[in-house]
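What follows is one structure encoded as structure tokens, with my remarks underneath.
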Amino acid sequence: MKLFFSGLLALCCVPAVVAQEAVDTERREAERAYVRDQLAKNWYVEAGAGAQILFADDASGLGFGQRLTPSLSVAAGKWFSPYWGMRLQARGYGFNGNTGMGGIYVADPVDGLVYGTGDPVRSEVTIRPDGTYRRYMRYLDVHVDFRLRLLDLIGGPGGAGRWEVMPAVGLGYARAFAYRGVPAGNFLATHFSLAGSYRLAPSFDLNLEAHAVLLPDAFDGRITGQPCEAGLALTLGATYHFPARGFRRTAATPPPALEALAAPAPAEVRVVRDTVVLTREVRVEVSVEVANEPFTLGVVAFAIDSSEPRPGQEVTYVNLARYLEAHPRAMLRLDGYADAATGTPEYNLHLSRQRADAVYRLLTEQYGIAPGRLQAQGIGGNGSPYDQAAWNRAVVVTVIEE
Amino acid sequence: MKSRRWIIPLLVAVLLAAGCDREEVYPTYDQPGWVETFDGDYNASMTAVLRLPDNLAPYVAAGDELAAFIGDECRGVGQQVDGLWYVMLKGTPDEQGMVSIRYYSAANRYLYRTAEGFEFESDGVYGTADNPVTLSLVTQE
């Protein structure tokens, strides 16, 4: 008898375990999908060029113009959230240093620990009559930066519009190449930077970056006893963001309804021909919120001070009609605009409404689109979507629901 | 925006151009080959023991020359021993000319002279081996 009840209890548990495993599997799969989705987004590459200057002992003996050298950089990075990201950057080219009095030289080892005063640079460069001379350095630095999006942090994601300010701190490896007497060497480098960017296009940013690097005293092959040498670069560059750019507010965990799978449901236990039959009904209601962000489907252009669409845009109307036909649950919003450069705000608002209504009538009357699938509104001259005035004489068609 | 795109390459070019600089060039001279070429009857002498300033010490080379002049007349050619230059100057007992030192750096082919001279003194001593006079040199104009 005891054996019978033990077996019955075990049979009752099996379906619950199976259900729990199903939940865990789905949860893990959902989490993996989310992680894959996030890892694939917000990657970018950038390149920059500019000038840099070295701050080292005796470097002030050179004129400011003589201290400037070209600076080149390339980088790839990823934003892990609207607020922070990481970047792998390679930068370098050259520094111009200067040698005055004193110092010992890495290229002149007296023994394993002590260096001498013989500098091979002297035979490679022009010595000035006062005995000083320039040090030409060539280097490449590879480092990883931790970056913040300062304006997004302060004003919320996208709060600063097209502008962004990005401070960063990083650690890397600097390779000094053997060049004109300066010996080769490998050094740990600490980086600080402040970049400002302006979004030129959805995928392209223009950026201006001030970049400081701290290097060991021996970086230029000369040891003078100062704590470190520093380089400062100012570069102008461009950033290309791969198309999957931006962040959606997506839950990192599967929908809560999946939790229902884990809850044990009442089971009906019957014995049929000496066999225990356990019947359990598991009803799962999965409500997954699909984030459909509005996106622009087309633009209908108008002449200045006109509420009649420019001729020759039939292909746009046909495409709109086809899209609605292919997506029965889709709705379109017609946003009328007027260029802010001409007309009063009141007149522009009136004109933009007329334009939206004109497209609304045209789509419903000539292309058979159901009126219930369209929303028309006039926005006026404020909040124009484009920089060029002529482009804002338009009705922007946006898919708002599907 | 398209009309302003030329600004970007222009700014990059300006920054890069700012980082380019030409090699410095200074006047250089051939080996002077100084020798004592005085015609007069110089029966007085003076000894000078000199050392180069620290900024030129690293460039001492085999072809370096140092000589003492009164006016344009070479009154003595220096001999280098253990980093010091020993010069025996010739003159007359009542000589009152100012002595200037000229130095030729063979490594860099630069010619120097002392900024200020010293007065010739018969049997006089200008610096010693234990306390040599460090030269204050300027480039030859």
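The values are calculated or read from the model by the stated rules, or taken from the named source; none is laboratory data. Here the structure is a predicted model, which is why all the values come from computation and not from measurement. Glycine also receives a Cβ, built like all others from the backbone with ideal geometry; neighbour counts cover every protein chain displayed.
See the values below:
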{"read-out": "Qualifying positions in region B:20-46 - part of a loop (DSSP other than H, G, I, E, B) and surrounded by 15 or more Cβ atoms within 10 Å (Cβ to Cβ)", "value": "B:Asp21, B:Trp34, B:Glu36, B:Tyr42"}
{"read-out": "Some residue of region A:333-340 being touching a residue at least 24 places away in the same chain (Cβ under 8 Å), surrounded by fewer than 17 Cβ atoms within 10 Å (Cβ to Cβ) and within 30 Å of A:Arg199 (Cα to Cα)", "value": "yes"}
{"read-out": "Strands (runs of 3 or more DSSP E) contained in region A:67-145 and holding at least 2 residues within 14 Å of chain B (Cβ to nearest Cβ) and over 41 Å from the mean Cα position of the chain (by Cα)", "value": "A:104-109"}
{"read-out": "Residue list for region A:38-55, restricted to those being more than 14 Å from chain B (Cβ to nearest Cβ) and either over 30 Å from B:Glu24 (Cα atoms) or at pLDDT below 85 (or both)", "value": "A:Gln38, A:Leu39, A:Ala40, A:Lys41, A:Asn42, A:Trp43, A:Tyr44, A:Val45"}
{"read-out": "Members of region A:219-240 found to be more than 14 Å from chain B (Cβ to nearest Cβ), under 30 Å from B:Ala13 (Cα atoms) and at pLDDT 90 or above, listed by number", "value": "A:Phe219, A:Glu229, A:Ala230"}
{"read-out": "From A:Gly103, A:Gly181, residue being out of contact with any helix residue (DSSP H, G or I) (no Cβ under 9 Å at 6 or more places or on another chain), at positive phi and not basic (Lys, Arg)", "value": "A:Gly103"}
{"read-out": "Single residue of B:Tyr103, B:Tyr110, B:Tyr26 found to be in contact with a Lys or Arg (Cβ under 8 Å, 6 or more places away or on another chain), within 30 Å of A:Arg138 (Cβ to Cβ) and modelled with pLDDT of 90 or more", "value": "B:Tyr26"}
{"read-out": "Residue satisfying all of: in region B:109-127; surrounded by fewer than 19 Cβ atoms within 10 Å (Cβ to Cβ) and under 20 Å from the mean Cα position of the chain (by Cα); nearest to A:Arg122 (Cα to Cα) among these", "value": "B:Arg109"}
{"read-out": "Qualifying residues in region A:146-167 (those that are part of a loop (DSSP other than H, G, I, E, B) and surrounded by 15 or more Cβ atoms within 10 Å (Cβ to Cβ)) - the one nearest to the other protein chains (Cβ to nearest Cβ)", "value": "A:Ala160"}
{"read-out": "Test result for A:Arg87, in contact (Cβ under 8 Å) with a residue 60 or more places away in the chain and either in the same structural domain as A:Gly170 (by TED's automatic domain parsing) or touching a helix residue (DSSP H, G or I) at 6+ places or on another chain (Cβ under 8 Å) (or both)", "value": "yes"}
{"read-out": "Within region B:47-102, tally of residues that are part of a strand (DSSP E or B), farther than 21 Å from B:Tyr29 by Cα and either touching a residue at least 60 places away in the same chain (Cβ under 8 Å) or within 14 Å of another protein chain (Cβ to nearest Cβ) (or both)", "value": "5"}
{"read-out": "B:Leu137 buried (at least 20 other Cβ atoms within 10 Å of the Cβ), touching a residue at least 40 places away in the same chain (Cβ under 8 Å) and within 14 Å of chain A (Cβ to nearest Cβ)", "value": "yes"}
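Listed here are the residues, each with its yes/no results for (1) in a strand (DSSP E or B); (2) surrounded by 14 or more Cβ atoms within 10 Å (Cβ to Cβ).
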position	(1), (2)
A:Asn186	yes, no
A:Phe192	yes, yes
A:Gly196	yes, yes
A:Asn207	yes, yes
A:Ala210	yes, yes
A:Phe219	no, yes
A:Pro227	no, no
A:Ala230	yes, yes
A:Gly237	yes, yes
